[in-house]
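A short write-up of the structure that comes next.
The values are calculated or read from the model by the stated rules, or taken from the named source; none is laboratory data. Note that the coordinates shown come from a computational prediction; the quantities given were computed from them, not determined experimentally. Please note: Cβ atoms are built from the backbone with ideal geometry, for glycine as well, and neighbour counts cover all protein chains shown. These area figures cover heavy atoms from the full protein model, side chains too; ligands, DNA and RNA do not enter into them. Shrake-Rupley method; radii C 1.70, N 1.55, O 1.52, S 1.80 Å.
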Amino acid sequence: VPAYSHVYHKEGAPIALTITLSVRNTDPENSIVLSQVDYFNSEGSLVKRYLPQPIEIGPFATNEFLVPQSDNEGGSGANFLLRWGSETPVSPPVIETVMINTEGSQGVSFARSGIVLERSSPESPLE
């Protein structure tokens with residue numbers, strides 16, 4: 001999932017942003033298990049692991065992860081890598097980032113959606 005700890009404006013001056021990673025279970029009947037949420041910087045180095053253990057997200061529930069505006073370690077090309085699964089077939093979650101800065105007289109906000117990089121086999125849904 002693309003994330004931006006800052007974007008550039010004017011002559012290349014950075015605008016720091018708060019990042020919210022949102023994981024929305026879209027299935028009306030079944031939970032999903034989120035087993036990995038890792039945050040990488042522009043160079044591809046791991047900045048932070050958000051999950052010490054898997055968490056369950058119930059039907060239609062949402063879980064959020066925050067990168068504060070003061071944390072600029074990710075850079076303008078940061079990314080989240082997530083791994084999720086379910087014991088039963090489910091509708092895929094909506095996973096996106098929302099970036100925002102509302103300081104001063106101008107506000108900046110935008111969102112980015114994640115893409116699937118790899119699908120697990122049906123025999124190993126939680127891997």
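Before moving on, here are some points about what is shown:
Residue-wise test of (1) in a loop (DSSP other than H, G, I, E, B); (2) among the hydrophobic types (A, V, I, L, M, F, W, C).
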{"site": "I15", "(1), (2)": "no, yes"}
{"site": "S22", "(1), (2)": "no, no"}
{"site": "D38", "(1), (2)": "no, no"}
{"site": "E64", "(1), (2)": "no, no"}
{"site": "W84", "(1), (2)": "no, yes"}
{"site": "T97", "(1), (2)": "no, no"}
{"site": "Q106", "(1), (2)": "yes, no"}
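- Taking residues in the stretch 57-72 that are closer than 23 Å to V94 by Cβ, and partners anywhere that are open to solvent by 60 Å² or more (accessible area, probe 1.4 Å) and in a strand (DSSP E or B), the pairs with Cβ atoms closer than 6 Å and at least 6 places apart or on different chains are T62/R24.
- Selection within the stretch 39-50 - open to solvent by 30 Å² or more (accessible area, probe 1.4 Å) and either among the polar types (S, T, N, Q) or within 17 Å of the chain's Cα centre (by Cα) (or both): F40, S42, G44, S45, L46, V47, K48, R49, Y50
- The set of residues from the stretch 66-82 being closer than 22 Å to S35 by Cβ and either outside any strand (DSSP E or B) or of a type in the set (F, W, Y) (or both) comprises G74, F80.
Results for (1) closer than 21 Å to I115 by Cα; (2) aliphatic (A, V, I, L, M); (3) open to solvent by 60 Å² or more (accessible area, probe 1.4 Å), shown as yes or no for each residue.
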site	(1), (2), (3)
D27	yes, no, no
L34	yes, yes, no
V37	yes, yes, no
P52	no, no, yes
A61	yes, yes, no
D71	no, no, no
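- Considering S109, S86, S76, the condition of being in contact with a strand residue (DSSP E or B) (Cβ under 6 Å, 6 or more places away or on another chain), at pLDDT 90 or above, more than 20 Å from K48 (Cβ to Cβ) and surrounded by 14 or more Cβ atoms within 10 Å (Cβ to Cβ) is satisfied by S86 alone.
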